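Data first, discussion second: the structure below is written as structure tokens.
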Amino acid sequence: MAGWDELAIFLVSLPDEDRARFASYAALDLPDNERGIATVLSVYAAENPSASPSTLLATTGARAGANGDLELARTLGCAALDLAKGPEDLQLAHVSLAQTHFRNRRDEADLAAFVEHCRAGIRAGHAGTFCYERLAALYEYWGEREEALRICRRAVDVLEAAGDPRSATRFQRRLDRLSRKWPTAGSRWLC
């Protein structure tokens, strides 16, 4: 329960308005004191044995971000990283932050943070498509052929291993298309 106690301390440290928004996005009725919050979290943990404090923060942060509450989403995502205990926690926290920064990608700092968190989520072994799709498109847009191809190759490998052949096939088609679009140096298509 140590992680849940740490989460209770974090939540009680939030300003009242932020804690209320967290409670709303998480669908939890949180009191305003550490002991009461710890009790609510204890019940939540018992009812959701596969959840961790980090996953609760990351998924709640993703909900906040999807609702345009980007400052709270960033705060929760960073706390999710701090409380992450294993690769799955890290993956989810990084992807949640990537999604949040992606919403404001026209800002240079948010775009850089998006790329950083996508790459970190991929390094941690994330097997969802969000980061792979957007990074491949971004590298393609920037004309960074090798990075776009590398991301697609990695997506095919990871998604096949995760048992998602449909998504792996999508990335293989993208990889094939990018390979045709940007022939290699020894290709007869180059001048």
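The values are calculated or read from the model by the stated rules, or taken from the named source; none is laboratory data. All of these numbers come straight from a predicted model, not from anything done at the bench. Don't worry about glycine lacking a Cβ; one is built from the backbone with ideal geometry, like all the others, and counts go over all protein chains shown.
Inclusion of T55 among residues that are hydroxyl-bearing (S, T, Y) and closer than 18 Å to G128 by Cα is warranted.
Looking at A98, A168, which one is more than 30 Å from L7 (Cβ to Cβ), modelled with pLDDT of 95 or more and in contact with an Asp or Glu (Cβ under 9 Å, 6 or more places away or on another chain)? Walk me through how you get there before you give the answer.
Values: A98 fails: more than 30 Å from L7 (Cβ to Cβ).
A168 is the lone residue from the list that is more than 30 Å from L7 (Cβ to Cβ), modelled with pLDDT of 95 or more and in contact with an Asp or Glu (Cβ under 9 Å, 6 or more places away or on another chain).
Quickly run through segment 171-180 and pick out the residues that are touching a residue at least 12 places away in the same chain (Cβ under 8 Å) and within 15 Å of E140 (Cβ to Cβ). Hits for segment 171-180 are F171, R174, L175, L178, S179. Could you tell me which residue of segment 1-15 is farthest from D89 (Cα to Cα), considering only residues that are in contact (Cβ under 8 Å) with a residue 40 or more places away in the chain and in a helix (DSSP H, G or I)? Result: F10. Within segment 25-42, residues that are more than 14 Å from T60 (Cβ to Cβ) sit with their Cβ atoms under 8 Å from residues that are surrounded by 14 or more Cβ atoms within 10 Å (Cβ to Cβ) and of a type in the set (F, W, Y), at 6+ positions apart or across chains, in these pairs: A38/W4; S42/W4. Residues in segment 144-179 that are surrounded by 13 or more Cβ atoms within 10 Å (Cβ to Cβ), more than 19 Å from the chain's Cα centre (by Cα) and not in a helix (DSSP H, G or I): E144 alone. The residue that is nearest to P87 (Cα to Cα), counting only those in segment 106-126 that are out of contact with any His (no Cβ under 8 Å at 6 or more places or on another chain) and buried (at least 17 other Cβ atoms within 10 Å of the Cβ), is I122.
Just one of G121, G143 is at positive phi and modelled with pLDDT of 90 or more; which is it?
When all the criteria are applied, what remains is G143.
For segment 120-143, the condition of being charged (D, E, K, R) and either in contact (Cβ under 8 Å) with a residue 60 or more places away in the chain or not in a helix (DSSP H, G or I) (or both) holds for none of the residues.
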